[in-house]
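The values are calculated or read from the model by the stated rules, or taken from the named source; none is laboratory data. Since the model is a prediction, treat every value here as computed from it, not as a measurement. Neighbour counts run over all protein chains shown; Cβ positions are idealised from the backbone, glycine included. Quick note on the areas: whole protein, heavy atoms, side chains included, nothing else; ligands and nucleic acids left out. Shrake-Rupley method; radii C 1.70, N 1.55, O 1.52, S 1.80 Å.
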Amino acid sequence: MTNACPPRRAALAAGLAALLPWRGAFAQQQPFPDHALKWIVAYAAGGGTDTLARMIAASLSPRLGQPVVVDNRPGAATNIGAEAAAKSPPDGYTLFSADNGTLVFNPALFRDLPYDPQRDFRPVGLMARFHLVLTVKQNSPFTSAQAMVDAAKAKPGEIDYGSPGVGSPHHLTMERLAKEAGVRFSHVPYRGAAPALNDLLAGTLEAMVLDLPSGLEYLRSGRVKPLAICSATRHPGLPEVPTIQEALGIGRFEAYAWQGMVVPARTPAAIADRLTAELARALQDSAVTDKMRGIGLEPLTGGPDEFKTLIEAERAVWVPLIKERGIVLD
């Protein structure tokens, strides 16, 4: 014999069932964000990328009404952090600092990546670029970029230069310079910018492409000698230093390290748009931009469209160079 539900219990069950769609809709309409956000940085704490993320996170937190906590995941040419970000839930609670290494260089440097930069990430907005400077040790005989190039032509491969590692913007910028100037240098890769800079300061390394956040203090004090800046125009912090275009007559030579914010690709448009708007507001805050400029960073504004345009322009320059020079990381 089957027991039937008492009338009151049946009515209660029916009422609860009727509420379920409303509860689901209510849950979907909860304001974003309602808890802390995680910002993955694919570099160690204390470096330029980490400092930039923390500056912007401090501005974003009150705007979003929730903490934005930096999570450092260094290693493997940003691949560890990029994979963690790509595989995070696409709910807007995971942000990632994506640079030209992650989005432009790595697909050409690695045969097998744990992420796909086009398929796995949704651009939110650009953040900053790091100006790059061709430098030599303090007592170097080279007083100009042209003198260094002339020496490299006379003795191919005898002038050594350091970099933070194979495939870094610093390394690839020097490879591009060598190609366009028709010379050959000897590359000495290090595990990060700090040990390479230490050897440059000690005089055991002849040359290095330095990014301003790492080298501005030493350039201003004269402990490192700048020969040319790799930007399109001279930098206001180093007005006496010519551009590569001026120093060597290499037309349209321009190279930077740059960074933007991305989220997992399937993040809802409304949430991504909110993040784009708040990032733009943070980069309009003079308290943020003054700090950025103070350490040698140039604020770089632009939303998803400008971000995508930059990526495509960079791929057109760097991917052919990487393939032509046979540079690989696996």
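Assorted remarks:
- Where VAL149 falls short, out of the listed (1) in a helix (DSSP H, G or I); (2) out of contact with any helix residue (DSSP H, G or I) (no Cβ under 7 Å at 6 or more places or on another chain): (2)
- Tally of residues being assigned to a loop (DSSP other than H, G, I, E, B) and open to solvent by 40 Å² or more (accessible area, probe 1.4 Å) across segment 183-198: 3
- A residue that is of a type in the set (Asp, Glu), open to solvent by less than 50 Å² (accessible area, probe 1.4 Å) and within 16 Å of GLY101 (Cα to Cα) can be found somewhere in segment 294-315.
- Any chance LEU216 is out of contact with any helix residue (DSSP H, G or I) (no Cβ under 8 Å at 6 or more places or on another chain) and open to solvent by less than 50 Å² (accessible area, probe 1.4 Å): yes
- Within segment 173-203, being at pLDDT 95 or above and hydroxyl-bearing (Ser, Thr, Tyr) holds for THR173, SER186.
- Output for segment 272-330, where each listed residue is without any contact (Cβ under 8 Å) to a residue 60 or more places away in the chain and closer than 20 Å to ARG119 by Cα: ASP273, ASP305, THR309, GLU312, ALA313, ALA316
- Residues that are open to solvent by 10 Å² or more (accessible area, probe 1.4 Å) and in a helix (DSSP H, G or I) were ranked within segment 102-138; the one that is nearest to GLU175 (Cα to Cα) is ALA108.
- Subset of segment 152-169 [under 24 Å from VAL319 (Cα atoms), in a loop (DSSP other than H, G, I, E, B) and open to solvent by less than 50 Å² (accessible area, probe 1.4 Å)]: GLY157, PRO164, GLY165, GLY167, SER168
- Tally of residues being in contact with a helix residue (DSSP H, G or I) (Cβ under 8 Å, 6 or more places away or on another chain) and open to solvent by 70 Å² or more (accessible area, probe 1.4 Å) across segment 275-293: 2
- Condition check for GLU180: under 30 Å from VAL319 (Cβ atoms) and either in a loop (DSSP other than H, G, I, E, B) or acidic (Asp, Glu) (or both): yes
- Residue in segment 317-327 that is in contact with a Gly (Cβ under 9 Å, 6 or more places away or on another chain), buried (at least 17 other Cβ atoms within 10 Å of the Cβ) and over 19 Å from LEU64 (Cβ atoms) present: yes
- Residue tally, condition among the polar types (S, T, N, Q) and more than 28 Å from LEU212 (Cβ to Cβ), over segment 233-275: 1
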